[in-house]
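Structure, as structure tokens:
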Amino acid sequence: MRIAILALQGAFIEHEQMLQQLGVETFEIRQIRDWQQPKDGLILPDGESTVQMRLLKELSLFAPVRRAILDGLPVFGTCAGMILLSEGYLGTMDIRVRRNAYGRQLGSFYTTSRVEDIGDDIPMTFIRAPYIEEVLSNRCSVLSEIDGRIVAASQGKQLATAFHPELNDDFRIHQYFLQWITS
């Protein structure tokens, strides 16, 4: 199994390290020739969503990434990666997202909560995090809420979290994503 990780900015190294601990081969996507390698899934990490979007377009990655996701490539977006999947960006998930919803860096926090289909006491680190303001179709399932705000959802083979599972030592969310590929 090979997982591509968008490596334009953000915590892509932490995703790589977590997947490598799970015995999964990874490679970084920085340009179109990287994208052309065989892959079984894709991770869209955090960063700044408008910068990532601009770079996806400038590097001619936007169209092939979007097409692959729409064609069923399993994808996991965290924080800004969740924003990229939403309406107005790649537009592959039926969600509307509020950027920087928890405020500035000082508004960052850590909690644990239940994530549907994964388990209880999932560690959740929020850093200038978004949340899902609205689910736009019944094709999208809410997986977790914190204080009435949607912080995790899935649609088909797309998984999106407002928080950073790669910054904790709990592998369950990454394992859940990988199960989509092996099943």
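Structure data summary
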read-out	value
Pairwise FRET efficiency - residue 37 versus residue 70, Cβ, R0 = 22 Å, nearest 0.05	0.65
Mean projected area in nm² (Cα convex hull; one quarter of hull surface) for the range 1-70	4.3 nm²
Simple spin-label estimate for residue 117 and residue 175 in nanometres, 7 Å along Cα-Cβ	1.6 nm
Cα centre as origin, Lys/Arg/Asp/Glu Cβ charges: the range 1-137 dipole, Debye	540 debye
Where labels lie 7 Å past Cα in the beta-carbon direction, separation of residue 147 and residue 25 in nm	4.4 nm
Segment residue 110-residue 51, length gained on full extension (0.36 nm per residue, minus Cα span)	18.7 nm
Directionally averaged projected area (convex hull, Cα atoms, the chain), nm²	9.2 nm²
The range 22-113 pair-distance distribution - Cα-Cα, 10 Å bins, rounded %	14, 47, 28, 10, 0
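Readers should treat all values here as calculations from the given coordinates under stated rules, not as data from a laboratory. Note that the coordinates shown come from a computational prediction; the quantities given were computed from them, not determined experimentally. Ideal geometry is used to build each Cβ from the backbone, glycine not excepted, and the neighbour counts take in all protein chains shown.
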